[in-house]
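Asks: This is the structure I have questions about; it appears just below.
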Amino acid sequence: MYQQYFNFSELPFSISPDPHFMFMSERHQEGLAHLLYGINQGGGFVALTGEVGTGKTTLCHCLLQQLPENVDIALILNPKLTAQELLATICDELGISHAGFAAKQLIDAINQYLLAAYSQGRRTVLLIDEAQNLSLDVLEQIRLLTNLETSKAKLLQIILVGQPELNALLLRQDLRQLNQRITARYHLLPLSLDETRAYIRHRLRVCKGSHRLFNPAAIGKIYQYSQGVPRLINILCDRALLGAYATNAREISPVIIRRAAQEVLGSVTAKRRWYAATALVLAVGAWAGLQFWSPPVPVVEPAKPAVTQPTVLSIPAAPIPAAKPISFADQLDQAGLSFAEAVTESLKTWHLSAPAGRAADCTAVAALGLNCSFGKANWQELLTLNRPAILAFADPSGGKRYVLLTGVDHDSAIIRLKDTVKIPLAELLTIWDGNYLLLWRPPHPGITEIAPPQQSAAVLWLRERLTKITGKPAGDMASRVFDETLKAELSTFQRRQHLTPDGIAGARTLIHLDNQSGASAAPHLAITTR
């Protein structure tokens with residue numbers, strides 16, 4: 001209803017766990033870092049806990065977008081299963097075929113899969129959401145799964161995500177063996193008032209809404225009612241926007257928030273107010289009691305003061321608070337590149353510049369023998385392309401701002417704005433929607449796709465590249481015809497590179513072929529992982 005009224009590109013305060021809207025507060029960044037640390041270390045358990053609505057599930061979805069390419073994951077969202085049902089669900093998630101449904105058959109099938117994956121350099125992760133609902137039998141079965149190992153490494157990494165009750169569950173005496181195997185723990189707390197303000201503005205920014213829509217006093221009320229819990233913030237803001245639409249209001253005021261809280265929180269609001277009032281009364285009473293019961297102070301005749309020289313007190317200067325780091329969103333607003341500037345920066349990585357008198361765009365790029373490749377990808381897919389990439393971001397006015405990704409340094413992205421800077425990866429991924437553009441050089445001028453039944457020198461190039469990569473002939477090496485044998489070889493290569501195995505060498509496939517054969521002098525991302 002109110003989407004068109006406020007000119008939103010989409011609804012800003014949906015409670016579905018959409019990583020596109022993920023706001024990485026300092027706490028969420030730490031939580032994600034703990035999850036990634038646990039996965040990179042390998043083996044054992046990782047535990048992430050937090051109150052209802054603090055963003056645990058959304059954080060898990062964000063994690064899924066950042067998994068290393070060699071990691072396979074089994075995601076369990078409904079843990080109210082028997083031990084045998086859990087084993088069968090793990091098999092289904094990982095695509096493991098099994099001869100029967102007996103526990104031993106399922107465990108044997110999982111073990112064979114894990115060993116095969118380990119031998120191919122792949123790692124496997126089991127992520128269980130709402131883990132506080134796991135029964136003791138299932139938890140014991142999960143612990144036993146971590147016994148699947150080689151002489152050097154555990155074969156299965158397990159992440160448990162749940163409400164605070166999960167911590168109490170793990171403290172049970174009969175679960176001490178499992179508890180001792182947890183190598184990383186993190187408890188996700190609600191947002192602070194400043195983070196609540198930034199959270200609301202972030203979601204409005206994603207939907208191309210005005211960051212001034214909620215006035216400061218209204219945000220204070222939202223924090224008062226929600227106590228910084230993201231889900232409650234979303235519910236309150238959504239109902240407030242609906243109320244503003246119904247009353248033709250253009251700004252969200254404290255009055256609108258109060259009405260929204262009464263509608264969606266009901267008695268919870270009244271209880272929260274009662275608790276706050278009770279706490280205030282108790283605090284005042286305690287203070288008054290201390291004043292009343294303080295022992296009398298004896299009266300002592302003052303001694304005659306000695307005549308002394310006046311002293312000058314040296315009052316230390318108050319420390320100057322450290323300036324808060326500028327967020328990536330603010331840097332993007334202040335120093336984000338235009339499209340032409342981003343293309344110019346990208347051409348520099350090829351040691352080229354746009355022809356004199358021509359705008360830096362894809363037409364100019366083509367005149368230099370390169371091609372523009374537009375696409376949408378997740379982070380890992382972009383890294384496997386291994387090219388400097390222009391990333392696109394929406395700004396609040398409905399336009400676009402761009403940066404050039406040139407590398408990755410551990411958990412930071414190296415990007416070019418007006419200058420080259422490092423941005424926390426988690427912060428960048430919260431507002432990047434996956435759209436990118438990169439420059440690449442085709443194998444032959446004008447050839448941007450090699451597909452059957454094409455007959456050209458580009459087909460010979462494709463055969464030569466596949467042969468160099470796989471070590472075996474790709475059909476008749478002298479044939480310029482794109483035949484079924486070559487298509488089958490190409491499809492096999494695409495599957496290994498996690499590309500769509502359609503047997504057509506489009507831009508992505510050609511870039512992967514170039515990367516694998518190391519034939520060209522194309523620029524690559526500077527990636528540091530250790």
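The values are calculated or read from the model by the stated rules, or taken from the named source; none is laboratory data. None of the values given here were measured: they were computed from a predicted structure. Backbone-built Cβ (ideal geometry, glycine too); neighbour counts: all protein chains shown.
Asks: Inspect segment 98-105 for any residue being within 28 Å of the chain's Cα centre (by Cα) and more than 20 Å from Leu63 (Cβ to Cβ) and give the result as yes or no.
Replies: For segment 98-105, residues within 28 Å of the chain's Cα centre (by Cα) and more than 20 Å from Leu63 (Cβ to Cβ): absent.
So that you can scan it fast, the table gives a plain yes or no per residue for (1) modelled with pLDDT under 85; (2) under 22 Å from Ala109 (Cβ atoms); (3) surrounded by fewer than 19 Cβ atoms within 10 Å (Cβ to Cβ); (4) touching a helix residue (DSSP H, G or I) at 6+ places or on another chain (Cβ under 6 Å):
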{"residue": "Thr124", "(1), (2), (3), (4)": "no, yes, no, yes"}
{"residue": "Asn133", "(1), (2), (3), (4)": "no, no, yes, no"}
{"residue": "Leu136", "(1), (2), (3), (4)": "no, no, yes, no"}
{"residue": "Leu144", "(1), (2), (3), (4)": "no, yes, yes, no"}
{"residue": "Glu149", "(1), (2), (3), (4)": "yes, yes, yes, no"}
{"residue": "Leu156", "(1), (2), (3), (4)": "no, yes, no, yes"}
{"residue": "Leu160", "(1), (2), (3), (4)": "no, no, no, yes"}
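Asks: Out of Thr430, Thr420, report the one residue that is surrounded by 20 or more Cβ atoms within 10 Å (Cβ to Cβ), in the same structural domain as Glu345 (by TED's automatic domain parsing) and of a type in the set (Ser, Thr, Tyr).
Replies: Going through Thr430, Thr420 in turn, the sole match is Thr430.
Asks: Test Ser9 against the stated conditions and say whether it is surrounded by fewer than 14 Cβ atoms within 10 Å (Cβ to Cβ) and modelled with pLDDT of 80 or more.
Replies: yes
Asks: Determine whether segment 446-457 contains at least one residue that is part of a strand (DSSP E or B) and without any contact (Cβ under 8 Å) to a residue 40 or more places away in the chain.
Replies: Looking for residues that are part of a strand (DSSP E or B) and without any contact (Cβ under 8 Å) to a residue 40 or more places away in the chain, one finds at least one in segment 446-457, hence yes.
Asks: Among the residues of segment 18-33, is there at least one that is among the hydroxyl-bearing types (Ser, Thr, Tyr) and under 18 Å from the mean Cα position of the chain (by Cα)?
Replies: yes
Asks: Counting residues that are of a type in the set (Gly, Ala, Ser) and assigned by TED's automatic domain parsing to the domain that holds Thr54, which strands (runs of 3 or more DSSP E) fully inside segment 86-190 reach at least 1?
Replies: Output list reads 156-162, 182-188.
Asks: I need the full set of residues from segment 243-255 which are within 17 Å of Tyr5 (Cα to Cα), at pLDDT 90 or above and among the hydrophobic types (A, V, I, L, M, F, W, C), in order please.
Replies: Ile252 - this is the single residue of segment 243-255 that is within 17 Å of Tyr5 (Cα to Cα), at pLDDT 90 or above and among the hydrophobic types (A, V, I, L, M, F, W, C).
Asks: Please name all residue pairs, on different chains or six or more residues apart, with Cβ atoms under 6 Å, provided the first residue is in segment 53-64 and is under 11 Å from His20 (Cα atoms) and the second residue is of a type outside the set (Lys, Arg) and part of a loop (DSSP other than H, G, I, E, B).
Replies: Note: pairs meeting the criteria are Thr58/Pro17; Thr58/Met22; His61/Pro17; Cys62/Met22.
Asks: Turning to a different aspect of this structure: I need the full set of residues from segment 466-481 which are in contact with a Pro (Cβ under 8 Å, 6 or more places away or on another chain) and in a helix (DSSP H, G or I), in order please.
Replies: Within segment 466-481, just Thr467 meets the criteria.
Asks: Just wondering, is there one or more residues in segment 30-44 that are in a helix (DSSP H, G or I), at pLDDT 80 or above and among the acidic types (Asp, Glu)?
Replies: So far as segment 30-44 goes, yes, one or more of its residues are in a helix (DSSP H, G or I), at pLDDT 80 or above and among the acidic types (Asp, Glu).
Asks: Checking Asp194 against (1) surrounded by fewer than 18 Cβ atoms within 10 Å (Cβ to Cβ); (2) outside any helix (DSSP H, G or I), which test does it fail?
Replies: Evaluating Asp194 over (1) surrounded by fewer than 18 Cβ atoms within 10 Å (Cβ to Cβ); (2) outside any helix (DSSP H, G or I) leaves (2) as the failure.
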